[in-house]
1. Identify all residues within the stretch 219-247 that are surrounded by 15 or more Cβ atoms within 10 Å (Cβ to Cβ) and outside any helix (DSSP H, G or I); write none if there are none.
2. Any idea which of (1) within 16 Å of the chain's Cα centre (by Cα); (2) in a helix (DSSP H, G or I); (3) in the same structural domain as ARG187 (by TED's automatic domain parsing) is the one ARG96 doesn't satisfy?
3. So, in the stretch 30-59, of the ones that are surrounded by 11 or more Cβ atoms within 10 Å (Cβ to Cβ), hydrophobic (A, V, I, L, M, F, W, C) and at pLDDT 65 or above, which residue ends up nearest to the chain's Cα centre (by Cα)?
4. If ASP214 satisfies every condition in (1) under 28 Å from VAL142 (Cα atoms); (2) out of contact with any Phe, Trp or Tyr (no Cβ under 6 Å at 6 or more places or on another chain); (3) surrounded by 13 or more Cβ atoms within 10 Å (Cβ to Cβ); (4) modelled with pLDDT of 95 or more but one, which is the exception?
5. In this structure, does ALA167 turn out to be over 32 Å from the mean Cα position of the chain (by Cα), of a type outside the set (D, E, K, R) and assigned to a helix (DSSP H, G or I)?
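The values are calculated or read from the model by the stated rules, or taken from the named source; none is laboratory data. If you're wondering where the values come from, they're calculated on a predicted model, not measured in any experiment. Neighbour counts run over all protein chains shown; Cβ positions are idealised from the backbone, glycine included.
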Amino acid sequence: MASKAPARRKPGGPADEGGLWESPRALTMIADCILLLAGAALIYALVLGVTRLPLLPLQAVMLDRAPDHLTTAQIEDAARRAVNGNFLTTDIERAREVFEQLPWVRNAAVRRIWPGFIEVELEEHRAVARWWVPDNAPARMVNTQGELFAADHDRTLPLFIGPDEQASKMLQRHLEWSATLSPLQRRIDKMALTRREAWQLLLDDGSRIELGRDDDKTPISARLTRYVTTQPAVSREGAQKILYADLRYPNGYAIRTGSTATQERP
């Protein structure tokens, strides 16, 4: 009597149901994943716990140097608003923004110093001129970079009148023309630039200089140099103070003294 062949098992049958748990490789991968997750959770818990420990208090906020234009009360108020945690949890970027909102502060750098200090370095604006503003508008100044910033006016500085976007250009021209006028021992008290880019100067002796617009044929620098070179001789001839000089002529300039008006040509 012929023997029967053993029955074949179909894949996926009851005998294969425990295949995953019977695979050492699969079990090792699962165990590794569980360990990684547990390790990450433990590290997070440790970091969170350490940052909340009273062992890391913020001891002090220090300035690298005393500011020239800020009061102690202003600094202390900014420090209180900037510190929002302990040594590790204080938001350094937010603290920087708080200090940069102070008047006269151009830039602020904030850093942690172990074991419990926050150091603040402030770069203050260096004002070189006043900026004209309408009545009741906040006062503004011009710094050495030609930038406008809000601050109370220093009446000893020259006054700039012009479009906001021309502040840097006006500073450059002020430096240039101040050097040109130095042989006359005169100082620029007021400088104006119109929308049509015409320039006017008011000097410290009360005299006014009409410079007009710049052009390639007769640039303002050349016209002003000509005036400075010839003005002493013209003043001696007239024996009167020059009240007004119009330098818009291509080959000379006109002046007005206390009682007469003349035309001077080289």
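1. ILE242, LEU243, ALA245, ASP246, LEU247 - these are the residues of the stretch 219-247 that are surrounded by 15 or more Cβ atoms within 10 Å (Cβ to Cβ) and outside any helix (DSSP H, G or I).
2. The single condition ARG96 does not satisfy is (3).
3. By that ranking, first place goes to LEU58.
4. (4)
5. It is false that ALA167 is over 32 Å from the mean Cα position of the chain (by Cα), of a type outside the set (D, E, K, R) and assigned to a helix (DSSP H, G or I).
Yes or no, residue by residue, for (1) over 27 Å from ARG155 (Cα atoms); (2) touching a residue at least 40 places away in the same chain (Cβ under 8 Å):
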position	(1), (2)
LEU88	yes, no
LEU102	no, no
ARG112	yes, no
GLU124	no, yes
VAL128	no, yes
TRP132	no, no
ASP135	no, no
